[in-house]
Amino acid sequence: MSGGQRAGMIPAAITPAPTKPIGETELIWLMALLMALQAFGIDAMLPALDEMALDLGVEGNDRQFVIGIYLLTAGIGALVPGALADRYGRRPVLLTAIVIYILLAVACAMVTTYEQLLAVRAAAGFFAAGIVALPPAIIRDRVGGDKMARMMSLIFVIFLMVPAIAPSIGELILQVGEWRMIFAAMALQGIFIGSWVYFRLPESLAPENRQPIHAATIARNMGTALSERSVIGYVIGSTLVFGALFGFINSSQQLIGDGFGRPDLFPIVFGICAGTMAVASWSNSRIVERFGARRVSHTAMFAFIAVVGLQVVFAFGGEESLWQFVTLMAINMALLGFIGSNFGSIAMNPFFHIAGAASSAHGFVRMTSAAILGAMIGYAFDGTARPLALALLASGIACLLLVLFSEKGRLFTPPQAQQRYPSGMRS
């Protein structure tokens, strides 16, 4: 029996095919909630950081590492599931990632030291990376072009609502139990979503599209995806601004609780800020085809720098109020909703023939670098919003310079002027 035949038998041997075809609406909800497992695993524990630190003997900013280590290893792990799923199919790789997510969530609830918690969280980020890496591939197996863009926009609207409500769910869990119950809730969610995938999601990779795993070819394709001048500025630029966002996520509980003295308002504040990204994602899906990803994202980038400039003025100008900070931070997170998805689309545009490798390479660079940068920004927390404001400003300016490099000094270029790319691909 050939390797291709053996690979083709794996999904059927492991998982039965659903008897009823999955519809578009159900698929969108399933993919969004699948990706949201990771978001919940990060944001639901934010209200518990104080209790967790006290219970496990963690001091100062070190409590942030439980977030940063997960983001870092998830970025590294993003390199793995794509190649495996191209070889063995989406279902077995995805279900394996979900099972690992469940088991390691239970393990997190049982740790006795902070070092153990960090080790288990690192493993969870790496081995469960497929829950975020595979949904775009599953959608791409079914549709392409404008329909894929529309479906992914809707997925991200649902996905981004989870960070808005996850801290409130975490706070409710803390009202009836200890921080370990948050990890138990993660495991229960994993069981629910995993069962949904098992019984309803068919294998989407056609047998003739299965790819062999050749390390040299994968490495060469990834190198190509990161060496194009028209792309690299968008990849690194989005890494910088989202690194600053990760810095906010890492330090947000301390900033709202200690810096502004309102720990009781943390779930509400975080929900407001995260919710604006969901609204922006929906709005972007309505306007980007009309104006083009470059015009929308470049405009958002300049607005981002201007608003961050105000954040710096307020942070260093005296007694900044909580609601001044929240208003400006929410606006900037909304602007990131216009920057991130469009930068990603522009960066992927030249690589339709090696989309899987390009997606993995870009995701690896973004997640790992942004996680490291976010950890550094979060660890610089000094009881005020000043380090965060400076980091946001520096990242915004650097992002602008990088985009200018990729665009050879020209911004707001209309899509039709980009003749380098294949016809029918808008940017």
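Entry comment: accessible area of the chain is 42 Å² per residue, from protein heavy atoms only and a probe of 1.4 Å.
Potential lengthening of the chain between residue 323 and residue 184 amounts to 46.7 nm, from the contour at 0.36 nm per residue minus the alpha-carbon distance.
Temperature 20 °C, viscosity 1.002 mPa s: under these conditions the Stokes-Einstein estimate for the stretch 218-295, based on its Kirkwood radius over C-alpha pairs, is 137 µm² per second. Here the Karplus relation 6.51 cos²θ - 1.76 cosθ + 1.60, evaluated at θ = phi - 60°, turns the backbone of the stretch 396-413 into coupling constants of x, 5, 4, 4, 4, 5, 5, 5, 4, 5, 5, 8, 6, x, 10, 10, 6, 5 Hz, with x for every Gly and Pro. Normalised by 2.2 N^0.38 Å, where N counts its residues, the alpha-carbon radius of gyration of the stretch 231-374 equals 1.12. Using the Cβ-Cβ distance between residue 195 and residue 264 with R0 set to 35 Å, the FRET efficiency from 1/(1 + (r/R0)^6) comes to roughly 0.45. Farthest toward the positive end of the dipole of the stretch 139-277, out of 201, 273, 212, is the Cα of 212, where the dipole comes from beta carbon charges about the Cα centre. Karplus-based coupling profile of the stretch 239-246, in residue order and whole Hz: 4, 5, 5, 7, x, 5, 5, 4, with θ = phi - 60° in 6.51 cos²θ - 1.76 cosθ + 1.60 and x standing for Gly or Pro.
These residues, 101, 88, go from largest to smallest accessible area, 1.4 Å probe, as 88, 101.
Normalised by the number of residues in the stretch 254-413, the mean separation of alpha-carbon contacts (under 8 Å, six or more apart) gives a relative contact order of 35 percent.
One compactness figure for the stretch 10-136 is 1.19, namely its Cα radius of gyration divided by 2.2 N^0.38 Å.
Distance between the modelled labels on residue 290 and residue 376, one decimal in nanometres: 4.1 nm (7 Å Cα→Cβ projection).
Rg/Rh for the stretch 175-258 (Cα atoms only, Rh after Kirkwood) is 1.15.
Among the protein heavy atoms of the chain, carbon and sulfur supply 66% of the accessible surface, probe 1.4 Å, non-protein parts ignored. With Cα atoms as the point set, the chain shows a radius of gyration and Dmax of 21.2, 73 Å. For residue 115 and residue 76, the FRET efficiency from 1/(1 + (r/R0)^6), where r spans their Cβ atoms and R0 equals 25 Å, is about 0.80. Taking Rh as the Kirkwood radius, which is the inverse of the mean 1/r over Cα pairs, what is the Rg/Rh value for the stretch 67-159? Dividing the radius of gyration by the Kirkwood radius yields 1.05.
Each label point was placed 7 Å from the Cα along the Cα-to-Cβ direction; for residue 401 and residue 216 their separation is 3.9 nm. Take each peptide in 32-42, 336-346, 312-322, count the other Cβ atoms within 10 Å of every residue, and average; sorted highest first, the result is 336-346, 32-42, 312-322. Across the stretch 111-258, Cα-Cα distances exceeding 28 Å account for 40% of all pairs.
Summary of the geometry: the stretch 25-39 and the stretch 188-258, compared by the centres of their Cα atoms, lie 14 Å apart. Spin-label model, residue 51/residue 302: points 7 Å from Cα along the beta carbon direction are separated by 4.8 nm.
The values are calculated or read from the model by the stated rules, or taken from the named source; none is laboratory data. Bear in mind the structure is a predicted one, so any value in this text is a computation, not a measurement. Cβ sites come from the backbone with ideal geometry, for glycine too, and all protein chains shown count toward neighbours. Remember, those area values only see protein heavy atoms, side chains included, never the ligands or the DNA or RNA. Shrake-Rupley method; radii C 1.70, N 1.55, O 1.52, S 1.80 Å.
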